[in-house]
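Below: the structure, in structure tokens.
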Amino acid sequence: MRDPRYDILFEPMQIGPVTAKNRFYQVPHCNGGGYRDPSAAAEMRGIKAEGGWGVIFTEQCEMHHTSEITPFIELRLWEDKDIPQLRRMSEKMKTHGALAGIQLAYSGINGPNLYTKEVPLAPSALPIRTFTNDPVQARALSLSEIRDLRRWFVTAAKRSKLAGFDLICLYGAHGFGIFQHFLSRATNQRTDEYGGNLENRARFVNEVVADIRDAVGDTMGIALRVSLDETIGELGFSNAELRDFIEMNRNLPDLWDLAHGTWEDCSGPSRFKEEAAQELLVRGIRELSDRPMVGVGRFTSPDVMVKMIKSGTLDFIGCARPSIADPFLPKKVEEGRIEDIRECIGCNICITGDMTMSISRCTQNPTFMEEWRKGWHPERMNAKGDSDSVLVVGSGPAGLEAAWALCRRGYDVAVAEARTEIGGRVARESRLPGLSAWGRVKDYREYQLRQRPNAEIYLDSRLTADDVMAFGFQNIAIATGATWRRDGVARQHVVPMKIAEGAAVYTPDDLMDGNIPGGNVVIFDDDHYYMGGVLAELLVQKGAKVTLITPSAYVSDWTRNTLEQGTIHARLDALGVNIVLNRGVAEIAVDHVVSNCVYTGKTCHYQADAVVMVTSRSGNDQLYRDLMSRQNEWADAGIRSVKVFGDAEASGPIAWATYAGHRYARELDCEPRGDALPFRREITELAAEHTPSPELCLHD
Ligand code: ADP
Ligand code: SF4
């Protein structure tokens, strides 16, 4: 069972009037579902309860209709009608003795109010700051409106209690919550008793905490989430000022929740941030207060967690992403199954669900947000169907996830891999600059498969249709991946582009194979995710002079959704990469490329000894097509099904491949669902048609 050196992680700890059963604290995190998918979000939290977390929080919950962050989909607590939805969540959270927490957010300078059309209110009149740069400004709260806002917080706290929560977290971090907007001189330029010196800027949070304590503090614990450093220089709420604030207000909340300045800082991807990256900013704060503290840092190692507590840095181990990648992390530590922890790889794909207002995915845990929609449990598979064996061709993320999930269902599984190493694209990409943590996708699954008597892995085994026919497996799972295209086809060019004979054209696959060009190298990035930027880094490391040309207005455009676009731009700039935005590559000559402006079509030349095409990928589906063309031979070969999935079917990020592999494994031997929707969803209940509309002016 549990290694005694982890005992400290299981010591209970008090938070105001309530006690957490252990130190595993799931900090608030978004999931792209929010109020639109209440049961999906609730079930996801319930799975964490089962996985042993001591404290489980909601995502941010907009506590009043005068402040909301449309288009992003979070929770809402605007009227009593919202309570049942939230109660469903708190009940799920509490199923295994965890404390249920709700994060109350008033977005202030971050709430454009696109949905409610209310004029945004903030400490000072400034433009709204969100990811979407909406052309909307907030006006400054008057003194009487500050009193209103205090009352709204009390109302929200009372509703939270009715909804069954044990803890309230007041959001004042990541630049998102109004408490930070009051605390920071950048967003609080008031000259009354709420602005100016730190004592004045801290007045609002002091008042709200006191109000809430009066209202519900006898039964609910109050946490305050503050930024460790706003990282915007002198004007901002710096780490030094945070320390002053905590020292001056030692015992203000029942728990201090320390998060980093911006969300990008706090949830930095592994490409740029190590585990426990915030340690230096946190160290020493513990001594400034008698209240317990929680902090985050993509903690996946129980040894690091123990160190955080033993060194007196933190009392609770705050996790968002590690709890998504493995909702059973605490349970696995408790049961002495450390090697079974599915470690977060820090890719931030989970965050893209929120940023794209869709629903979140996780590269490592394909069941995330499918717990209710599809009934997928992260630790339990459905029972085996009536066939027995599966040959999985390809050991990339799709093949490995399928194999591992099929093994757990009880199938006999063989994985055949053409290369001499396991892992497909993750093995190869994890050797690129900054991506080593991505290797965990392979490591975890390889380790698990090797423990299983019903799994075999064959390397150096490139299979043909004849091979497959000869083996006698009942089900053939084709996960043979994809190959980067050399002909420029992607978005700018939907048919092969003009390339002069003799031009040196490379693909990301060439570079990953160690075939790396030198001299003046142009990267044509019409893929827009991480690959173009990562290869620019690799080429600079190898001595090339790099120009990265992209038709987008941003380098590595889609990484805005993984919160790293700004860091990538800065990194490439520091490396001396010539970043060319809003331009395509119209044609490739032997020693230069012709580039065209995406708006005007005006052309210019960039010198190029070589061009790297980061454009799109073609599925390696030849084996699949060969097998499909021989269906009349299947019965004799004992084959019942042949399926293609993952990048071989249609290329996408790694998370799409693990999802596809998992889905294949879940659905093997199951009744086809025909045209039925393959997941559950909730739709808004219609109001009665004749509900009278509220009269805003009764004297008309
Ligand atoms: P995915 O992301 O869909 O899992 P990858 O490209 O990561 O795809 O992995 C596909 C793997 O399949 C690669 O490691 C590749 O070497 C392997 N592969 C491709 N064709 C064959 C084949 N005919 N036989 C065995 N393995 C193959
Ligand atoms: Fe971690 Fe990536 Fe999963 Fe997010 S999507 S929890 S960053 S592995």
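The values are calculated or read from the model by the stated rules, or taken from the named source; none is laboratory data. These figures come from a predicted structure and were not determined experimentally. Here the Cβ positions follow ideal geometry from the backbone for every residue, glycine too, while neighbour counts run over all protein chains shown.
Could you say which residue among GLU371, GLU401 is in the same structural domain as ARG663 (by TED's automatic domain parsing), within 16 Å of ligand 2 (Cβ to nearest atom), more than 18 Å from ILE639 (Cα to Cα) and within 20 Å of the chain's Cα centre (by Cα)? Give the derivation first.
Values: GLU371 fails: in the same structural domain as ARG663 (by TED's automatic domain parsing).
Within the list GLU371, GLU401, the selection yields GLU401.
Against the test of being hydroxyl-bearing (Ser, Thr, Tyr), modelled with pLDDT of 95 or more and more than 14 Å from ligand 2 (Cβ to nearest atom), the options SER323, SER289, SER358, SER311 yield a single qualifying residue, SER289. The condition (being under 30 Å from MET469 (Cβ atoms), away from ligand 2 (no atom under 16 Å from the Cβ), acidic (Asp, Glu) and not assigned by TED's automatic domain parsing to the domain that holds GLY533) is satisfied by just one residue among GLU682, GLU649: GLU649. Cβ separations smaller than 7 Å between residues 6+ apart or across chains give the following pairs from region 543-558 residues that are buried (at least 22 other Cβ atoms within 10 Å of the Cβ) to residues that are in a loop (DSSP other than H, G, I, E, B) and hydroxyl-bearing (Ser, Thr, Tyr): SER556/TYR529. Only one of the numbered conditions (1) surrounded by fewer than 22 Cβ atoms within 10 Å (Cβ to Cβ); (2) small (Gly, Ala, Ser); (3) under 26 Å from ASN110 (Cα atoms) is not met by ALA42, and that is (1).
TYR664 fulfils the conditions (1) within 16 Å of ligand 2 (Cβ to nearest atom); (2) touching a residue at least 24 places away in the same chain (Cβ under 8 Å) except for a single criterion, (1).
For ILE349, indicate whether it is within 16 Å of ligand 1 (Cβ to nearest atom), in the same structural domain as PHE272 (by TED's automatic domain parsing) and over 28 Å from ALA676 (Cβ atoms). Before you say what the answer is, go through the steps one by one.
Numbers: within 16 Å of ligand 1 (Cβ to nearest atom): yes; in the same structural domain as PHE272 (by TED's automatic domain parsing): yes; over 28 Å from ALA676 (Cβ atoms): no.
For ILE349, the condition - within 16 Å of ligand 1 (Cβ to nearest atom), in the same structural domain as PHE272 (by TED's automatic domain parsing) and over 28 Å from ALA676 (Cβ atoms) - is not met.
Screening GLN60 with (1) assigned to a loop (DSSP other than H, G, I, E, B); (2) within 19 Å of the chain's Cα centre (by Cα) gives one miss only, at (1). In region 444-455, the qualifying residues are those that are surrounded by 14 or more Cβ atoms within 10 Å (Cβ to Cβ) and not basic (Lys, Arg), and the one that is nearest to ligand 2 (Cβ to nearest atom) is TYR444.
Would you mention how many residues in region 356-404 are of a type in the set (Val, Ile, Thr), within 16 Å of ligand 1 (Cβ to nearest atom) and within 27 Å of PHE473 (Cβ to Cβ)?
Final tally of qualifying residues: 3.
If the condition is being of a type in the set (Val, Ile, Thr), crowded, with 18+ Cβ neighbours inside 10 Å and in contact (Cβ under 8 Å) with a residue 60 or more places away in the chain, then region 107-141 contributes ILE109, THR130.
The set of residues in region 643-700 being buried (at least 20 other Cβ atoms within 10 Å of the Cβ) and hydrophobic (A, V, I, L, M, F, W, C) consists of VAL644, PHE645, ALA648, ILE654, ALA655, TRP656, ALA657, ALA660, ALA665, LEU668.
Among the residues of region 1-38, count how many are hydroxyl-bearing (Ser, Thr, Tyr) and within 22 Å of PRO71 (Cβ to Cβ).
Taking region 1-38 first, the residues hydroxyl-bearing (Ser, Thr, Tyr) are 6, 19, 25, 35.
Then drop every residue that is not within 22 Å of PRO71 (Cβ to Cβ), which leaves 35.
Summing the residues that are hydroxyl-bearing (Ser, Thr, Tyr) and within 22 Å of PRO71 (Cβ to Cβ) in region 1-38 gives 1.
Here the condition is being among the hydroxyl-bearing types (Ser, Thr, Tyr), surrounded by 14 or more Cβ atoms within 10 Å (Cβ to Cβ) and more than 18 Å from ALA482 (Cβ to Cβ); of TYR606, TYR599, it holds for TYR606 alone.
When the test is whether a residue is polar (S, T, N, Q), within 12 Å of ligand 1 (Cβ to nearest atom) and under 21 Å from the mean Cα position of the chain (by Cα), SER430 passes it.
Does GLY261 count as in a loop (DSSP other than H, G, I, E, B) and modelled with pLDDT under 95? Give the steps one after another, and end with the answer.
Values: in a loop (DSSP other than H, G, I, E, B): yes; modelled with pLDDT under 95: yes.
Taking the combined requirement at face value, the residue satisfies it.
Please count how many residues of region 45-67 are in contact with a Gly (Cβ under 7 Å, 6 or more places away or on another chain) and either among the charged types (D, E, K, R) or not assigned by TED's automatic domain parsing to the domain that holds PRO28 (or both). Number of matching residues: 1.
Can you find, within region 404-443, the residue that is nearest to ALA637 (Cα to Cα) among those that are outside any helix (DSSP H, G or I) and within 16 Å of ligand 2 (Cβ to nearest atom)?
The initial filter retains those residues of region 404-443 that are outside any helix (DSSP H, G or I), namely 410-423, 430-435.
The next check asks that each one be within 16 Å of ligand 2 (Cβ to nearest atom); those that pass are 423, 430, 434-435.
Working: GLY423: 28, SER430: 38, GLY434: 45, LEU435: 42 Å.
Here the residue is GLY423.
Just give me the residues in region 282-302 being within 28 Å of the chain's Cα centre (by Cα) and part of a loop (DSSP other than H, G, I, E, B), in sequence order. Of everything in region 282-302, those that are within 28 Å of the chain's Cα centre (by Cα) and part of a loop (DSSP other than H, G, I, E, B) turn out to be ARG283, PRO292, VAL296, GLY297, ARG298, PHE299, THR300, SER301.
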